[in-house]
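Chemist: After the C-alpha cells below, expect a handful of questions from me.
The values are calculated or read from the model by the stated rules, or taken from the named source; none is laboratory data. Keep in mind the model is a prediction, meaning the values are calculated, not measured. Here Cβ is always computed from backbone atoms with ideal geometry, including for glycine, and neighbour counts include all displayed protein chains.
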Amino acid sequence: MMSSQIFVAIVAASCVLSSGVVTAQTLVAAQSNTERSRNADASPQPFLQNPDLSKSWTLVKTFSDEFNSGRIDRSKWTTDMRPWGERAWSSDNLSQRDGKLFIKARYEPHTHRGNRYFYKLGILQSQQKTTYGYFEARIKGCSRFPGLCPAFWLYSNGREKNPKYPKVTYSEIDIVEMLQAGWDRELRRPTEVNRIDCNLHTRVINELGKEEWIRPQQMPDVCEHHWDAPWDPRDDYHVYACENTPERITWYIDGEKVAEEDNLYWHLPMSVTLTMELRPPLIAWAGVDGRVPVPDASTPEGFPTEMSVDYVRCWVRKPE
C-alpha cells in the first residue's frame, strides 16, 4: 500500500506541474484523502498536523459513523424531533449516499400546533450522551449565504447533572458553526462567509440561586471564539474538531489548533449533534433564550440546499 508521505508528495508534484504552486489547502486535502484510504483498513485516529504522541486514542463507535450504508443507523442516531422555537425538523431532510450524510434545508411554509414555520431543517443527534473526548467531523457547508448555519456541536438536555459541578445546569460546545453572518462588534457589521465560530454556552445557578445564561454575549472572553479561514467553507470539505477534557476545551480545524479555553462549566453528559439551522435575515433574535421567524424575509430563493458530512468520529483517551 502506498504510504501517506508518498501520496502527498505525488499530489504536490502534480500540482507543481499543472500550476507551479502547492498551497497548504492542497496538502491538507491530500492528507485528508490519504487518511480516508488508510482508515478503510485501520482504526482511524484524530487528524492532527502535530499530534501529541503522549496521547493514545480509542475510537468510540457509538458516536462515530462513516455514513457508508444506504440508510441512517437508527441504533446510533435520531432525526425525528419536535420543533425547537423556530426550528422545524424533518427526518426527510437527511439522507446518506456515496459515503456521505446530507442534511437539507428547504422552504416549506407550514403550521405545527398553532405555530407558523417557513422552513424545514435537518438534525442528526446521538442516541446516547458523552462528555469528555475528541470529536471530529469532515464537513462541507451549504450553498446559501446568509440565512443558514451548518453546525457540529455537543449539548446537554438540561436534566442530567454532574454532582461534581452542582451549579451547572446546561453545557453546550459548538465545535463549528459556519456561515452564520454573525455580528462583528468591532467592525459593526455582519461577519463574512469565511468566519468560523467555535462558541460556548452554559446555564448556571448564580449566587442568588437563580439560573442564568452564560453565552458569548454575556461573557465573550470565555465563550466567544472564532477563526477567519483563508477559504470558503462552502467550496470543499474541511475537518472540524474539538477536544474536551475536565481541564480545557481545544478546537482544531484541518488538524491545526485554532482556539483554547479553560473548562469552567462544560462537564455534563451531551449529545453529539449535526444540524442545519436558520440564521438572520430569515430569523430574528428574541431575547437571550429565543429566536423567531421573520415572515417578510422568508423566501424560497436559494432553497433547497444541503450541507454534507463525510464522517463523524469520537475518541476517548486510553489510560496512561
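Chemist: Pull up region 161-184, narrow it to residues that are among the charged types (D, E, K, R) and in contact (Cβ under 8 Å) with a residue 12 or more places away in the chain, then point me to the one that is surrounded by the fewest Cβ atoms within 10 Å (Cβ to Cβ).
Modeler: The residue in question is LYS164.
Chemist: Continuing with the same structure: Checking the conditions here, which among LEU208, LEU187 is modelled with pLDDT under 95, of a type in the set (A, V, I, L, M, F, W, C) and part of a loop (DSSP other than H, G, I, E, B)?
Modeler: Of the residues listed, the single one that is modelled with pLDDT under 95, of a type in the set (A, V, I, L, M, F, W, C) and part of a loop (DSSP other than H, G, I, E, B) is LEU187.
Chemist: Name the residues in region 127-148 that are assigned to a strand (DSSP E or B) and either out of contact with any Gly (no Cβ under 9 Å at 6 or more places or on another chain) or not assigned by TED's automatic domain parsing to the domain that holds MET276 (or both), would you?
Modeler: Within region 127-148, the first condition is being assigned to a strand (DSSP E or B), and the residues that meet it are 127-130, 133-140, 148.
GLN127, GLN128, LYS129, THR130, GLY133, TYR134, PHE135, GLU136, ALA137, ARG138, ILE139, LYS140, listed by residue number.
Chemist: What number of residues in region 70-92 are modelled with pLDDT of 95 or more and under 17 Å from TYR311 (Cα atoms)?
Modeler: Residues that pass the stated criteria total 9.
Chemist: A further question follows. Looking at (1) within 29 Å of SER90 (Cα to Cα); (2) buried (at least 19 other Cβ atoms within 10 Å of the Cβ); (3) touching a Cys at 6+ places or on another chain (Cβ under 8 Å), can you tell me which one TYR237 breaks?
Modeler: TYR237 satisfies every listed condition except (3).
Chemist: Still on this structure: All but one of (1) under 17 Å from the mean Cα position of the chain (by Cα); (2) within 21 Å of GLN125 (Cα to Cα); (3) assigned to a loop (DSSP other than H, G, I, E, B) hold for MET276, so report the exception by its number.
Modeler: Checking MET276 against (1) under 17 Å from the mean Cα position of the chain (by Cα); (2) within 21 Å of GLN125 (Cα to Cα); (3) assigned to a loop (DSSP other than H, G, I, E, B), the one that fails is (3).
Chemist: Can you find a residue that is more than 14 Å from the chain's Cα centre (by Cα), modelled with pLDDT of 95 or more and of a type in the set (Val, Ile, Thr) anywhere in region 224-241?
Modeler: Looking for residues that are more than 14 Å from the chain's Cα centre (by Cα), modelled with pLDDT of 95 or more and of a type in the set (Val, Ile, Thr), one finds none in region 224-241, hence no.
Chemist: Say we look at region 109-160 and pick out the residues that are closer than 17 Å to MET276 by Cβ and in contact with a Cys (Cβ under 7 Å, 6 or more places away or on another chain); which of these is surrounded by the fewest Cβ atoms within 10 Å (Cβ to Cβ)?
Modeler: My answer is LEU148.
Chemist: Something else about it: Can you work out which of the residues in region 75-90 that are without any contact (Cβ under 8 Å) to a residue 12 or more places away in the chain and either in a loop (DSSP other than H, G, I, E, B) or outside the structural domain of VAL272 (by TED's automatic domain parsing) (or both) is surrounded by the most Cβ atoms within 10 Å (Cβ to Cβ)?
Modeler: Selected residue: ASP80.
Chemist: Name every residue in region 63-74 that is buried (at least 17 other Cβ atoms within 10 Å of the Cβ) and without any contact (Cβ under 8 Å) to a residue 60 or more places away in the chain, in order of residue number.
Modeler: Passing the criteria: only ILE72.
Chemist: Are there any pairs with C-beta distances below 8 angstrom linking a residue in region 301-315 that is closer than 21 Å to ASP92 by Cβ to a residue that is of a type in the set (Asp, Glu) and part of a strand (DSSP E or B), with the two at least 6 apart or on different chains, and if so which?
Modeler: VAL312/ASP65; VAL312/GLU136
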